[in-house]
Amino acid sequence: MATLAAPDAPADPLDAFRAEARAWLAANFPSALAHKDNAMSAVEGPGEETDDQRRWREAMGAKGWGVPTWPRDYGGGGLSRAEARVLAEEMARIGAWNPIGGMGVMMFGPTLLEYGSEAQKREHIPPIARGEIRWCQGYSEPGAGSDLANLQTFAEDCGDHYLVNGQKTWTSGGQWADKCFALVRTDRTRKHEGISFLLIDMDAPGVEVKPIRLISGASPFCETFFTDVKVPKENLVGREGEGWTIGKRLLQHERSSLSGGGSTGRLLAGTPLGEIAKRYRGVDAEGRLADADLRARLIRHDMDVRAFGLTLRRAALEAKASQGPSATSSIMKNVGARITQERAELAIEIMGMSGLGWEGEGFSEEELTQTRTWLWGKAVSIYGGSTEIQNNIVAKRILGMLDHQ
Amino acid sequence: MAVLTEDQTMLRDMAQSWTDKESPVAAFRAVRDAAPPAGFDPAVWAEVGQMGWPGIVVPEADGGAGMGYLSLGLVLEQLGRTLTATPLAATAAAASAIAMGEDAEARAAWLPRIAAGEAIVALAVDEGPLHDPDALDTVVADGRLTGTKMFVAEGDGAQAFVVAAADGLYLVAGDAAVSRTPRRMADSRSHADVRFDAAPAVRLGDKALTAAICDRAAALVTAEMLGLAGQAFDDTNAYLKTRVQFGQPLSTFQALQHRMAKMFTELELMRSVVEGALEAIDAGRSDVAQAVSLAKAVGGETTKLVSREMVQLHGGIGMTDEHHAGFYLKRAAVLEAMWGNAAWHRDRFGRLAGY
């Protein structure tokens, strides 16, 4: 691409910040933790925290750099996007990782900053920034999956509080969460306009959580039951009936974190399948993978991954050059899902029966991980708006195709 | 769309407005019906020359604009949208061979004329129906080149040829000891078999130059494919909104919506790899071969998907010569095969990646 190089490039204004970040990280990141990622996650419980890990979380929490671009007033880092990129580069350089994560950071925080009242922001944002509070999502119900607006959990107006009754499902990390942001029905006569966005304490009387065991053997999701749960009125975000608008905005944050964020980054940085395949299957006289059919499919997948990486980069550059919202963002979730699943399918195929081990000494750690990764990966094209729902969105919102009359 | 400079944006807008007004797909139909000997309308080529497009990749010192491959790709994408027949892509790749080559006289003699739109030069590499630049029988002895090249794009109207011999790349000018046999192909464009019988040849460079020029030719083809596939998709989307069956526009049927969403997704990925290859060439990156193979393989598959779906989703009307869907289908298939099909580029990509 043609770039315009300034004849006398001035000193990068970010250099000062880079020096500051480097010095702070050197003073605060325990080097023993380098590359030992133990970030807060939506789908994993809080493990035992070592002293180093606690110190690192508290340091980042106090500095606000776990949520670098959030406003300083609410405990964020107050950094520009460019500064946040520099911070990420400096952290990557020394193997430092962000200990602050989970749904509060990825989805709920940005939404509350946009729609919450001043009091709600003061109450809820700082504990997220410090990594002290875990949030979970109360959206899906047994009868409201892809047709989310069909949700039936009801919040009855009782003067100074709501009385909530109903059942949520697929509550990620519900068994470990402190609080839940939920879509509830406040009006049964209107579908989308009858939905409100409510914040519920998970330890309130009447909240019951049951983990769901998945095909991978893990239980990252729960069923959550609400029976006569009292929720104060000040926990309503926005107005009654505004929940669908706010809830959809939150899903946009979810989608961008599912596609452009960590999981894809890890995918692009993972051990190349070609290397794993050479190790398990061997090569021919010319150094090519011995199984020509497998090789051809690995190359297709590899190309898909590269094309996706270039598309993520293009979307970021286009957004930066403010050519308006890039149409590419809407397809990212589907491509990310297909690549994730195809990689796992190829990996277990490469390993043969060894790629299907469940547990025990007869399998390597890599093989056992692969089995679980493959099974867990089937969720990627279902959660956060299934592949079919994303295709509906592309067809209707971007291509202008019509609803059935 | 890549982030463009002001000059590039102007160039793209000019190309778009010109093809819309002066060279819609009806113009290609007229060329197809008139079947001019060179495979394009000379008046159109003269206009292309006046707009300076043949000089986009010619260095400024040699009379060109020196704007690079991403810039030329913007123009070829627009020409591809309406299947505009010109020898622009072939001549540009040949011009790069001369510009990157080792012969100063050839540079001085040909590049200013190419940039001015006064010379058409074709790139002659393959000797069979499949791209195979590592198995060439063409030889040069005492400055004279002998061999037969097949399916040379724009070979009917070219005044000179950049020819790949077993030991490198040469320039053959004029008609002395050159004989051409036109190939009538499905896309109604110029392709010719060209026989060189001890033709006087100027050496441009070694096999590395041949490989670099093949990559540039392939990258330019992907830019044309991007426009072709994009327009095929847009026309199909528009048709589905107007065609009514079962009392509904076809675009209301979810089965079709999801096929269109899939194609849209693939087109977005294709744009990224095509621009990625053109940018890699402009930046002189060391992974040009990989970037081009990625673009030609992914772009070829997507062009195939969209052009075939264009016919299927148009139903019976798409099967008729009266409709232009067939033009897109036929040109798409030729572009897919040129300079290495998807399978050839996948194999090369795998070898370059070490497996």
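Each value in this text was obtained by applying a stated rule to the coordinates, not by laboratory testing. As the structure is a prediction and not an experimental result, all values here were calculated from the model. Please note: Cβ atoms are built from the backbone with ideal geometry, for glycine as well, and neighbour counts cover all protein chains shown.
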_Under-5 Å amide H pairs with A:MET202, H placed in peptide plane, nonlocal only_ = A:LYS179, A:CYS180
*Report, by chain and number, residues whose modeled amide H sits under 5 Å from the one on B:ARG183, excluding near sequence neighbours (fewer than 5 apart, same chain).*
B:HIS191, B:ALA192, B:ASP193
*Starting at the first residue of the stretch A:80-87, write each ³J(HN,Hα) from the Karplus equation 6.51 cos²θ - 1.76 cosθ + 1.60 with θ = phi - 60°, in whole Hz, x for Gly and Pro.*
6, 4, 5, 5, 4, 5, 4, 4
*Over the alpha-carbon set of the stretch B:6-115, work out the extent along each principal axis and list the three values in angstrom, largest first.*
42, 36, 18
*Rounded to the nearest Å, what's the spacing between the alpha carbon centres of the stretch B:278-355 and the stretch B:189-262? Just the number, please.*
6 Å
*Return the lysines within reach of B:LYS296: Cα separation strictly under 25 angstrom, same-chain partners fewer than 8 residues apart disregarded; answer none if there are no such residues.*
A:LYS333, B:LYS149, B:LYS207, B:LYS262, B:LYS304, B:LYS330
*Between A:GLY95, A:GLY109, A:GLY336, which gets the highest mean-square fluctuation from a Gaussian network model of chain A, Cα cutoff 10 Å?*
A:GLY95
*Ranked highest first by the average count of other Cβ atoms within 10 Å around their residues, in what order do B:223-236, A:131-144 fall?*
B:223-236, A:131-144
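Under unit Cβ charges (Lys, Arg +1; Asp, Glu -1), what dipole magnitude, rounded to 20 debye, does chain A have relative to its Cα centre? Display every interim value, and only then the final one.
Details: 48 positive and 54 negative charges, 184 e Å.
Approximately 880 debye in magnitude.
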*Given springs between every Cα pair under 10 Å in a Gaussian network model of chain B, which of B:GLY66, B:GLY117, B:GLY155 has the largest fluctuation?*
B:GLY66
*For chain A, with equal point scatterers placed on the C-alpha atoms only and solvent neglected, what are the log10 I(q)/I(0) values from the Debye formula at q = 0.06, 0.07, 0.12, 0.15 1/Å, to two decimals?*
-0.28, -0.39, -1.14, -1.56
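Report, in listed order, any pair from A:LYS168/A:LYS191; A:LYS230/A:LYS396; A:LYS121/A:LYS248; A:LYS248/A:LYS320; A:LYS210/A:LYS230 with a Cα-Cα distance greater than 28 Å. Mind showing how you got there, number by number?
Details: A:LYS168/A:LYS191 17 Å; A:LYS230/A:LYS396 39 Å; A:LYS121/A:LYS248 19 Å; A:LYS248/A:LYS320 24 Å; A:LYS210/A:LYS230 20 Å.
Among A:LYS168/A:LYS191; A:LYS230/A:LYS396; A:LYS121/A:LYS248; A:LYS248/A:LYS320; A:LYS210/A:LYS230, the Cα-Cα distance tops 28 Å for A:LYS230/A:LYS396.
When a/c is below 1.5 the answer is rounded, else prolate if a/b is larger than b/c, else oblate, so apply that to the stretch A:135-240 with a ≥ b ≥ c taken from the square roots of the Cα gyration tensor eigenvalues.
On the way: a/c = 2.19, a/b = 1.42, b/c = 1.54.
Oblate is the answer for the stretch A:135-240, as a/c is 1.5 or above yet b/c matches or exceeds a/b.
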_Positive dipole terminus of the protein assembly as shown, leading residue within B:HIS131, B:ALA30, B:GLN248 (C-beta point charges)_ = B:GLN248
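Return the equivalent ellipsoid semi-axes of the stretch A:33-129 as a descending list in whole Å, where each equals the square root of 5 times an eigenvalue of the C-alpha gyration tensor.
On the way: eigenvalues 101, 55, 25 Å².
Each semi-axis is the square root of five times an eigenvalue, giving 22, 17, 11 Å.
At 222 nm, what value in deg cm²/dmol follows for chain A if DSSP H runs of at least 4 each add -39500 (n - 2.57) and the sum is divided by all its residues, to the nearest 500? Show your work: numbers first, answer last.
Numbers: 12 runs with 166 residues, N = 405.
After summing the helix terms and dividing by the residues of chain A, the value is -13000 deg cm²/dmol.
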*Tell me, rounded to the nearest percent, the portion of alpha carbon pairs in the stretch A:91-170 spaced more than 22 Å apart.*
48 percent
*Counting only residues 5 or more places away or on other chains, whose amide H sits under 5 Å from the amide H of A:SER140 once H atoms are built in the peptide plane?*
A:THR169
*Report ³J(HN,Hα) in whole Hz for each residue of the stretch B:145-160, in order, from the Karplus equation J = 6.51 cos²θ - 1.76 cosθ + 1.60 where θ = phi - 60°; Gly and Pro get x.*
9, 10, x, 10, 9, 10, 6, 7, 5, 6, x, 6, x, 6, 8, 8
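Using the Cα centre as the reference, give the magnitude of the dipole from point charges on the C-beta atoms of the protein assembly as shown (Lys, Arg: +1; Asp, Glu: -1; all else neutral), rounded to the nearest 20 debye.
On the way: 79 positive and 99 negative charges, 219 e Å.
In total the dipole reaches around 1060 debye.
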_nm² value of the averaged projected area, convex hull over the Cα atoms of the protein assembly as shown_ = 37.5 nm²
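Treating only the Cβ of Lys, Arg, Asp and Glu as charged (+1, +1, -1, -1), what charge dipole size does chain B show about its Cα centre? Round to the nearest 20 debye.
980 debye
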*Pair A:LEU14, A:LYS210: separation of 7 Å Cα→Cβ label points (nm)*: 5.1 nm
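Can you pull the percent of Cα pairs in chain B with separation above 26 Å? All intermediate terms of the calculation are to be shown ahead of the outcome.
On the way: 29931 of 62835 pairs.
When every Cα pair of chain B is considered, 48 percent fall beyond 26 Å.
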*Cα centroids of the stretch B:69-146 and the stretch A:342-405: how far apart, whole angstrom?*
45 Å
*Just check the stretch A:284-383 against the gyration tensor rule for me: Cα atoms, a ≥ b ≥ c as the square roots of the eigenvalues, rounded for a/c under 1.5, and otherwise prolate or oblate depending on whether a/b exceeds b/c.*
oblate
*Which whole-Hz ³J(HN,Hα) couplings does the stretch B:310-326 yield from phi under the Karplus relation 6.51 cos²θ - 1.76 cosθ + 1.60, θ = phi - 60°, glycine and proline marked x?*
4, 5, 4, 6, 7, x, x, 4, x, 8, 8, 5, 5, 8, 8, 4, x
*Per-selection metrics, the stretch B:209-352 (Cα): Rg and Dmax in Å*: 16.7, 59
*asked:* Run the paramagnetic zone check for B:ALA116: 7 angstrom along Cα to Cβ, then residues of the stretch B:56-70 with backbone nitrogen under 14 Å.
replied: B:62-64
*Assign one of three labels to the stretch A:133-174, namely rounded, prolate or oblate, based on the Cα gyration tensor with a ≥ b ≥ c the square roots of its eigenvalues; rounded applies when a/c is under 1.5, prolate when it is not and a/b is larger than b/c, and oblate otherwise.*
oblate
